[in-house]
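Everything below concerns the one structure shown next.
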Amino acid sequence: MTSLSVNHLLGIKNISKNDIELIFETADYFKEIINRPIKKVPSLRDITIANVFFENSTRTRLSFELAEKRLSADVINFSSSSSSVKKGETLLDTINNILAMKVDMIVMRHASPGAPHFLSKHIDANIINAGDGTHEHPTQALLDTYSIREKFGEVKGKKIAIIGDILHSRVAISNIYALQKLGAEVMVCGPNTLLPKFIKTLGVHVELDVEKALQWCDIANVLRIQLERQEIKYFPSLREYSIYYGISKALLDKIGKPVTIMHPGPINRGVELNSDVADSDAAIILHQVENGVAVRMSVLYLLASNKTPLN
């Protein structure tokens with residue numbers, strides 16, 4: 001397989017195992033490139049990409065912008081806080097105005113689940129979903145899964161526990177899809193109030209005790225509490241959450257076996273992860289950040305042109 005089966009990356013649910021493997025193989029090439037003294041290739045020098053973010057972002061936006069520039073694409077950045085969206089312009093009108101400037105690809109983050117899917121039915125440009133509400137965040141799941149592959153050689157057969165605010169997390173859903181497609185076993189762990197009612201229908205194990213989850217898994221992907229998405233209180237206090245679900249070195253020592261720690265960021269230190277874990281050799285969090293650039297380069301390249309040979 002030399003090309004993706006889709007024209008957009010809207011979610012992991014929409015792509016195949018072969019698509020994921022092709023993205024990873026291409027990311028291997030780009031990871032080698034970005035570790036050279038000269039980190040740029042001219043693969044997308046004729047492509048213009050718009051980063052259209054209707055929600056705040058630091059890591060994802062910087063990672064995409066760096067990936068685009070490493071591929072020599074022309075890049076424009078759009079922020080809704082200083083745009084005509086504030087004047088009542090519709091999403092479709094906003095995007096069509098951007099496309100009228102001869103933009104080839106849209107990287108979009110939006111608070112509404114399904115926003116990139118809606119756009120894909122109305123515009124010709126390639127769309128990459130950089131997070132749509134609490135629905136999916138496909139490139140985060142790809143870089144997480146790629147990081148597991150890099151650490152362990154393969155994903156198949158590995159046991160991954162996703163711990164934290166599953167209810168409000170687009171990262172969790174995309175990770176579940178990606179890990180299962182590559183043959184991993186997945187468990188979710190968190191307070192009952194932060195687990196979606198439908199979660200068991202996704203074929204995952206459910207655990208309420210974080211110590212038992214850590215005993216079970218090879219890798220713990222720890223998620224932050226997304227207070228900005230919570231309209232009501234789902235637990236008494238952050239301190240109480242930290243007592244029952246926070247991961248410390250003392251807890252990992254008690255487990256008595258190695259557990260690889262991941263986190264999509266930003267970390268709320270002292271809540272879901274203590275610094276003695278986040279900064280330890282068990283954590284591969286900064287490797288995830290590095291891999292994010294290579295994986296996003298791969299996605300951008302494959303969607304933009306499957307016919308142009310790598311340069």
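Rounded to the nearest Hz, the phi-derived 3J(HN,Hα) couplings of the range 36-45 under the Karplus curve 6.51 cos²θ - 1.76 cosθ + 1.60 (θ = phi - 60°) are 7, x, 9, 9, 9, 10, x, 4, 10, 5, where x marks glycine and proline.
Averaging 1/r across all pairs of distinct Cα atoms in the chain and inverting the result yields a Kirkwood radius of 20.0 Å.
Counted residue by residue at 0.36 nm each, then reduced by the alpha carbon distance between them, the extension gain from residue 7 to residue 40 reaches 9.4 nm.
Between residue 187 and 160, 161, 162, 205, the built amide H atoms are under 5 Å apart, and every one of these is 5 or more places off in sequence or on another chain.
Taking every C-alpha pair closer than 8 Å and separated by at least 6 residues, the mean separation divided by the residue count of the range 138-288 gives a relative contact order of 24 percent.
Stretching the chain fully between residue 206 and residue 287 yields a gain of 26.4 nm (0.36 nm per residue, less the alpha carbon separation). Could you tell me the calculated FRET efficiency between residue 112 and residue 275, based on Cβ-Cβ distance and R0 = 35 angstrom, to the nearest 0.05? Here the calculated transfer efficiency is 0.50. Looking only at 90, 134, 201, which one moves most when the chain is put into a Gaussian network model with springs between Cα atoms under 10 Å? Checking each option, the largest mean-square fluctuation is seen for 201. Beta bridges per DSSP, both residues in the range 45-167: antiparallel share near 5 percent. 5 Å is the cut-off here: which amide hydrogens, built 1.01 Å from N in the peptide plane, fall below it relative to residue 273, excluding neighbours closer than 5 in sequence? It is 247, 268, by chain and number.
Shown in residue order for the range 201-215 are the 3J(HN,Hα) couplings computed by the Karplus curve 6.51 cos²θ - 1.76 cosθ + 1.60 at θ = phi - 60°: 5, 8, x, 9, 6, 10, 9, 9, 9, 5, 5, 5, 5, 5, 4 Hz (x for Gly and Pro).
Based on other C-beta atoms within 10 Å, arrange 158, 17, 31 from fewest to most.
Details: 158 22, 17 12, 31 18.
Starting with the residue having the fewest Cβ neighbours, the order is 17, 31, 158.
Computed over the chain with a Gaussian network model linking Cα atoms closer than 10 Å, the most mobile of 65, 290, 240 is 240.
Given a cut-off of under 8 Å on Cα pairs at least six residues apart, what relative contact order in percent is computed for the chain? Write down the numbers at each step before the final one.
Working: 562 pairs, mean separation 65.8, N = 311.
21 percent.
Where only DSSP H runs of four or more residues are counted, the chain gives -11500 deg cm²/dmol as its mean residue ellipticity at 222 nm, each run worth -39500 (n - 2.57).
With both labels modelled 7 Å from their Cα along Cα-to-Cβ, the residue 215 to residue 74 distance reads 6.0 nm. Within the chain, DSSP assigns beta bridges of which about 5% are antiparallel (rounded to the nearest 5).
Given 37 °C and 0.692 mPa s, how large is the Stokes-Einstein diffusion coefficient of the range 129-281 in µm²/s, with Rh as the Kirkwood radius over Cα pairs?
Working: Rh = 15.4 Å.
Once the numbers are plugged in, D ends up at 213 µm²/s.
Sequentially through the range 124-132, phi angles give Karplus couplings (6.51, -1.76, 1.60; θ = phi - 60°) of 8, 5, 5, 10, 10, 7, 9, x, 10 Hz, Gly and Pro residues having no value and appearing as x.
Amide H contacts under 5 Å for residue 283: 261, restricted to partners 5 or more places along the chain or on a different chain, H placed in the peptide plane at 1.01 Å from N.
Read the figures in this text as sums done on the coordinates, not as results from a lab. Here the structure is a predicted model, which is why all the values come from computation and not from measurement. No Cβ is skipped: glycine too gets one built from the backbone with ideal geometry, and neighbour counts run over all protein chains shown.
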